[in-house]
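First the structure, in the form of structure tokens, and then the observations on it.
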Amino acid sequence: MLTVDELEDRLIDLAFAEDIGDGDHTTLCCIPADAMGKSHLLIKENGILAGIEVAKKVFHRFDPELKVEVLIPDGSPVKVGDIAMVVTGKVRSLLQTERLMLNIMQRMSGIATMTHKYVERLKGTRTHVLDTRKTTPGMRVLEKQAVKIGGGMNHRIGLFDMILLKDNHIDFAGGIDKAITRCHEYLKEKNLDLKIEIEVRSFDELNQVLRHGGVDRIMLDNFSVADTKKAVDLIAGRYETESSGGITYDTIRDYAEQGVDFISVGALTHSVKCLDMSFKAC
């Protein structure tokens, strides 16, 4: 399995290949090879900064001689007019890394800003905000980093680090009892130690899970606020609880106040607005 660093390196290499191809002919035609310069990252919208550490990797992977001075670290609140970092080196390198760095930092900062907003909404409750697998293909490792920078928690990185028995798994397996039983048989056969979460869509399914046992967390899918309270009372601390499905910024605190441990929010990554910033010569 690839490490986070290896995934980042592959993403950066692919992004450069996609953007530069056989050469940045605009830069190469008008900028001398020995020209030196300096650019700064200008913040143009209030939010939470994320992606500085990845940006450093982008610069150094393309040109190890670029010098990066970080003025504002990841996770910091930023406002219009702030300068987050200054990069010095060959002008050709500054121009060819600009767009990739901005694409990454704008998206990561947008996710961190959105996550921070949801986390603040739940302040004073015991509930944690989780992300989902509704991420941009190939960029998941960065987007989930951004969620953590914004104060949220990662649900799972992929299909390999946790068991999540959802509605389709249960239906195809022939029901809740069979799905959980087969899950334990598989984990024993493969000598795997993974947490097990199961999704329930009704009180009937919840009661089946409570009778069978053998899970670590129960996801309450599309439960109303009132039904969430009833379900949490039924579970009564036996398993972790998670609310999911149709929960918005306006309603998330109502769910948190029913006592659930986690609320998963796909909107943190699937429909986020990038934070506006630019990389300008200085």
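Odds and ends about this structure:
- Between the alpha-carbon centres of the stretch 1-67 and the stretch 175-195 there is a gap of 44 Å.
- In this label model, ASP9 and ASN46 are separated by 4.1 nm, measuring between points 7 Å along each Cα→Cβ vector.
- Length-normalised contact order of the chain in % [C-alpha pairs under 8 Å, at least 6 apart]: 23 percent
- Using just its DSSP H runs of length 4 or more, each adding -39500 (n - 2.57), the chain gives a mean residue ellipticity at 222 nm of -14000 deg cm²/dmol after division by all residues.
- Heavy-atom accessible area per residue - the stretch 229-273, 1.4 Å, Å²: 44 Å²
- Overall, the accessible surface of the chain at a probe of 1.4 angstrom is composed of carbon and sulfur to the extent of 52 percent.
- A Förster radius of 45 Å, combined with the Cβ-Cβ distance separating ASN168 from ARG126, puts the computed FRET efficiency at roughly 0.90.
- P(r), alpha carbons of the chain - 5 Å bins starting at zero, rounded %: 1, 5, 11, 13, 14, 13, 11, 9, 7, 6, 5, 3, 1, 1, 0
- Of LYS44/LYS123; LYS57/LYS166; LYS56/LYS166; LYS166/LYS190; LYS144/LYS166; LYS90/LYS117, pairs whose Cα-Cα distance is over 30 Å: LYS57/LYS166; LYS56/LYS166; LYS90/LYS117
- Value of relative contact order over the stretch 1-104, rounded to a whole percent, pairs C-alpha under 8 Å and six or more apart: 35 percent
- Heavy-atom surface of the stretch 44-108, accessible at 1.4 Å and reported per residue (Å²): 43 Å²
The values are calculated or read from the model by the stated rules, or taken from the named source; none is laboratory data. This is a predicted model, so every value here is computed, not measured. We place every Cβ from the backbone using ideal geometry, glycine too, and count neighbours over all the protein chains shown. Note: accessible area is taken over every heavy atom of the protein model, side chains too, but ligands, DNA and RNA are not part of it. Shrake-Rupley method; radii C 1.70, N 1.55, O 1.52, S 1.80 Å.
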